[in-house]
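The values are calculated or read from the model by the stated rules, or taken from the named source; none is laboratory data. Owing to the predicted nature of the structure, the values given are computational and were not obtained by experimental measurement. FYI the Cβ positions are ideal-geometry reconstructions off the backbone, even for glycines, and counts take in every protein chain you see. Accessible surface areas use protein heavy atoms only, side chains included; no ligands, DNA or RNA. Shrake-Rupley method; radii C 1.70, N 1.55, O 1.52, S 1.80 Å.
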Amino acid sequence: MLDSPPRRQRTIARTAKVSGYGLFGGIDVLLEFCPADPDVGIVFERTDLTSAATIPALIEFVVPQSRCTMIQSPGGSVQVIEHVMAALAGLQIDNCLVRIDAPEPPACDGSSQAFVEALLSADIVEQDASRACVELTETLVVVEDDFVGIGAQPPRKHEYEIGFLLDYGNSPISQQSDSFVITPEVFIQEIANCRTFVLESEVRELQKQGIGKRSTPQNVLVFGDEGIVDNSLRFENECARHKILDCIGDFALLGCDLAGRFVATRSGHRLNHAIIRTLRKQALALNPHQSSFPLPKNRPAPFTPMNAAG
Ligand SMILES: [Zn+2]
């Protein structure tokens, strides 16, 4: 594991807001992106709880939750953070306080687009600190079974590359794949507006579980036997691109930049967390005093990492 040449850390110049309702719970929510000092990292704050809870967006704070990424500290939790995290990581915004008055961010159109637009409108500024980067020097593989896994290899030229192969077998969603060297420009043009999706056959069961009761085909692409319900694709392989978006958001839980080639096959949040948990352990073991693996220092509350989970 090497440290790549550093870039400057970045935040936003002023506060930006996005409002709507949550994808899972359907609760009205106002999300505010606020500037933060160098080495703070990304920290969520639940402003609706009596004693405001802050939760660092780091892998140690991830707790099990199906179909999304959820972080928790003793004071509270936030779920479905991945599309917000992807927007921040995709734009290389390293330090940001994300204030939110509900258990999850607004769904918007099911992609990161609204968050990207808000963040760009707040102007991104460089800070007087360098950003740490973990560069892979050996192959790393995490698998669920013979057909589901993520492999990571050393980069070609200090780049961060993610590929995804999506294959749901005999399903309305066709087999598809894509791969990108991730830069802010590529993220904005090719990935940020790719939306989350669901099979029509799953919708009733999810709603029985209380998930997505306010969701419509306008904030989650619904694939039925006759094709997409009440919507149309932005890219032929939009689903594979959205899975890359999810990887960008989940991999940002490492707390620093990455250089390496990642190829994910049919995987989801649980394996995303598993590979980042392994990389963060390795990085912290090599650099126990590495100041740029942020632990938040703008808040006095004790942060107790929760149990490792998928
Ligand atoms: Zn997603």
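Across region 191-205, which residue is surrounded by the most Cβ atoms within 10 Å (Cβ to Cβ) among those that are of a type outside the set (A, V, I, L, M, F, W, C) and not in a loop (DSSP other than H, G, I, E, B)?
Restricting to residues being of a type outside the set (A, V, I, L, M, F, W, C) and not in a loop (DSSP other than H, G, I, E, B), the top hit is Glu200.
Anything in region 241-275 that is assigned to a helix (DSSP H, G or I) and either open to solvent by 10 Å² or more (accessible area, probe 1.4 Å) or more than 16 Å from the ligand (Cβ to nearest atom) (or both)? List them, or say none.
Hits for region 241-275 are Arg241, Lys243, Asp246, Ala252, Leu254, His269, Arg270, Ala274, Ile275.
Being part of a helix (DSSP H, G or I) and open to solvent by 30 Å² or more (accessible area, probe 1.4 Å) is the filter here; which residues of region 206-240 pass it?
Gln207, Lys208
Against the definition (touching a residue at least 12 places away in the same chain (Cβ under 8 Å), farther than 19 Å from Phe33 by Cβ, open to solvent by 30 Å² or more (accessible area, probe 1.4 Å) and not aromatic (Phe, Trp, Tyr)), how does Glu144 come out, yes or no?
yes
Of all residues in region 112-141, count the ones that are of a type in the set (Ser, Thr, Tyr) and either free of Cβ contacts under 8 Å to residues at least 40 places away in the same chain or open to solvent by 70 Å² or more (accessible area, probe 1.4 Å) (or both).
Pass one, region 112-141, residues of a type in the set (Ser, Thr, Tyr): 112, 121, 130, 137, 139.
Remaining after also requiring either free of Cβ contacts under 8 Å to residues at least 40 places away in the same chain or open to solvent by 70 Å² or more (accessible area, probe 1.4 Å) (or both): 121, 139.
Number satisfying all stated conditions: 2.
Take Leu97 and decide whether it is aliphatic (A, V, I, L, M) and surrounded by 20 or more Cβ atoms within 10 Å (Cβ to Cβ).
yes
Looking at region 147-179, which of the residues that are of a type in the set (Asp, Glu) and surrounded by 17 or more Cβ atoms within 10 Å (Cβ to Cβ) is nearest to Arg7 (Cα to Cα)?
Glu161
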